[in-house]
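Colleague: Got a structure for you, questions after.
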Amino acid sequence: MTINKAGIGPLQGIAMTVTTFVGTGLMVLPALSVSIAHEQTAFSWIITALIIMPIAIIFALLGARLPHAGGASHYIGKAFSKPLQDAVGWLFLSILIV
């Protein structure tokens, strides 16, 4: 993996986190949430955004401080250990396969 020398800022980190969490669900979730929440759909989306915001900010700050293509698994490796980093990397990879 390569190190991004230009770095990313908080806005780019938030955008990357949103696409990670939402992904292709963005195409399905609006209709599903309307069918479940009815009139409270907008309120539920706002609450969800407020819950995700601290996580997005943390990932943005980590990305700015530790710019690396490994993302979350790299941060775990820095905080804990290389074996745990490898395990998280494989878990992320297995999600892509499924």
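Colleague: Kindly list the number of the only condition in (1) on the phi > 0 side of the Ramachandran plot; (2) not assigned by TED's automatic domain parsing to the domain that holds Gln12 that fails for His38.
Modeller: (2)
Colleague: I've got another one for you. Consider only pairs whose beta carbons are under 6 Å apart and that are at least six residues apart or on different chains; among these, list those whose first residue lies in segment 60-81 and is surrounded by 15 or more Cβ atoms within 10 Å (Cβ to Cβ) and whose second residue is polar (S, T, N, Q).
Modeller: Once the first residue is surrounded by 15 or more Cβ atoms within 10 Å (Cβ to Cβ) and sits in segment 60-81, its partners that are polar (S, T, N, Q) give Pro67/Asn4; Ser73/Gln85; Ile76/Gln85; Gly77/Gln85.
Colleague: Could you give every pair whose Cβ atoms fall below 6 Å, whose first residue belongs to segment 31-49 and is aromatic (Phe, Trp, Tyr), and whose second residue is modelled with pLDDT of 85 or more, counting only separations of at least 6 or pairs across chains?
Modeller: Cβ pairs passing all conditions: none.
The values are calculated or read from the model by the stated rules, or taken from the named source; none is laboratory data. Just so it is clear, the structure is predicted and the values come from calculations on it, not from any experiment. In this analysis, Cβ positions are derived from the backbone assuming ideal geometry, glycine residues included, and neighbour counts consider all displayed protein chains.
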